[in-house]
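The values are calculated or read from the model by the stated rules, or taken from the named source; none is laboratory data. Keep in mind that what you see is a predicted model, and the values were worked out from it rather than measured. Cβ atoms come from the backbone with ideal geometry, glycine included; neighbour counts cover every protein chain shown. Only protein heavy atoms, including side chains, enter the accessible area calculation; ligands, DNA and RNA are left aside. Shrake-Rupley method; radii C 1.70, N 1.55, O 1.52, S 1.80 Å.
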Amino acid sequence: GAVVSQHPSWVICKSGTSVKIECRSLDFQATTMFWYRQFPKQSLMLMATSNEGSKATYEQGVEKDKFLINHASLTLSTLTVTSAHPEDSSFYICGGTGTGDTQYFGPGTRLTVL
Amino acid sequence: RKEVEQDPGPFNVPEGATVAFNCTYSNSASQSFFWYRQDCRKEPKLLMSVYSSGNEDGRFTAQLNRASQYISLLIRDSKLSDSATYLCVVGGGYNKLIFGAGTRLAVHP
């Protein structure tokens, strides 16, 4: 299958700081990127969908001004958690689709906000 | 009601056992169905797609019942390496995926 990388794999930050997570499709062009959040023992929850060059579409209840998504190229999407708080601590996973409908996932980023 | 519901388990089974997981979904218009496997602190990995005719991949068999909005996964001859969380996933349109909370499987010697 296709490869998606995420960076960083884990991050610890202080409350109030912003954290940027990168998601790259390494061997395919991801026309659509999806960002998910997973809390312990819960399912992956879709946060937003982004198409290259367009504004992201956020799911209900996800604050677009807090979770900034940029999908400037077909191989890179970024999620910035602004003014992070402890309740934002979670496992963030990106997924990408190319010309087909199979979604390939990055390895995830574990965010801990102190 | 959750869009995709699964029994959270855990299912604790000995090696060699056969185990079955069930899943129900709420949107009758759903068109695509999958089982993913997720290991602890890792990303989900596609195990298999699920088709109305049923499909098999080695020790894994998936079934879909559209009338009952029910999906199943059967694992035969369980291995220690099968220990993981199994996620029932339904396509939500526009390539979106809707994940169930997962069923934990622990296979012991």
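A compact table of results
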{"quantity": "Segments classed as strands (runs of 3 or more DSSP E), wholly inside segment B:22-62, with at least 2 members that are open to solvent by less than 20 Å² (accessible area, probe 1.4 Å) and closer than 15 Å to A:GLN103 by Cα", "calculated": "B:33-38, B:44-49"}
{"quantity": "Test: residue in segment B:74-84 that is within 22 Å of B:SER26 (Cα to Cα) and at pLDDT 95 or above", "calculated": "yes"}
{"quantity": "In segment A:97-112, the residues that are more than 7 Å from every other protein chain (Cβ to nearest Cβ) and free of Cβ contacts under 8 Å to residues at least 60 places away in the same chain", "calculated": "A:GLY100"}
{"quantity": "Every pair of residues 6+ apart whose Cβ atoms lie under 9 Å, when the first sits in segment A:28-42 and is within 17 Å of A:TYR58 (Cβ to Cβ) and within 10 Å of chain B (Cβ to nearest Cβ) while the second is among the basic types (Lys, Arg) and in a loop (DSSP other than H, G, I, E, B)", "calculated": "A:PHE34/B:LYS96"}
{"quantity": "Pick from segment A:83-108, criterion touching a strand residue (DSSP E or B) at 6+ places or on another chain (Cβ under 9 Å) and open to solvent by 30 Å² or more (accessible area, probe 1.4 Å), ranking: modelled with the lowest pLDDT", "calculated": "A:ASP101"}
{"quantity": "Residue selected from segment A:52-82 under the condition out of contact with any Lys or Arg (no Cβ under 9 Å at 6 or more places or on another chain) and of a type in the set (A, V, I, L, M), by the criterion modelled with the lowest pLDDT", "calculated": "A:ALA72"}
{"quantity": "Options A:SER54, A:SER77: the member that is within 14 Å of chain B (Cβ to nearest Cβ), in contact (Cβ under 8 Å) with a residue 12 or more places away in the chain, farther than 22 Å from B:LEU47 by Cβ and not acidic (Asp, Glu)", "calculated": "A:SER54"}
{"quantity": "Qualifying position, being exposed (fewer than 13 other Cβ atoms within 10 Å of the Cβ) and hydroxyl-bearing (Ser, Thr, Tyr), among A:SER50, A:SER54, A:SER73", "calculated": "A:SER54"}
{"quantity": "All positions within segment B:90-109 that are open to solvent by less than 30 Å² (accessible area, probe 1.4 Å) and on the phi > 0 side of the Ramachandran plot", "calculated": "B:GLY102"}
{"quantity": "Residue within segment B:46-56 that is among the charged types (D, E, K, R) and in contact with a Gly (Cβ under 7 Å, 6 or more places away or on another chain) present", "calculated": "no"}
{"quantity": "B:THR85 vs. criteria among the β-branched types (Val, Ile, Thr) and away from chain A (no Cβ under 14 Å)", "calculated": "no"}
{"quantity": "So A:GLN60, is it within 11 Å of another protein chain (Cβ to nearest Cβ) and either surrounded by fewer than 19 Cβ atoms within 10 Å (Cβ to Cβ) or within 13 Å of the chain's Cα centre (by Cα) (or both)", "calculated": "no"}
{"quantity": "Segment B:26-42 residues that are over 18 Å from B:GLN6 (Cα atoms), paired with ones that are at pLDDT 90 or above and open to solvent by 50 Å² or more (accessible area, probe 1.4 Å) (beta carbon under 8 Å, 6 or more apart)", "calculated": "B:ARG41/A:ARG110; B:LYS42/A:PRO107"}
{"quantity": "Subset of segment B:70-89 [buried (at least 17 other Cβ atoms within 10 Å of the Cβ) and either of a type in the set (Gly, Ala, Ser) or part of a loop (DSSP other than H, G, I, E, B) (or both)]", "calculated": "B:SER72, B:SER78, B:SER83, B:ALA84"}
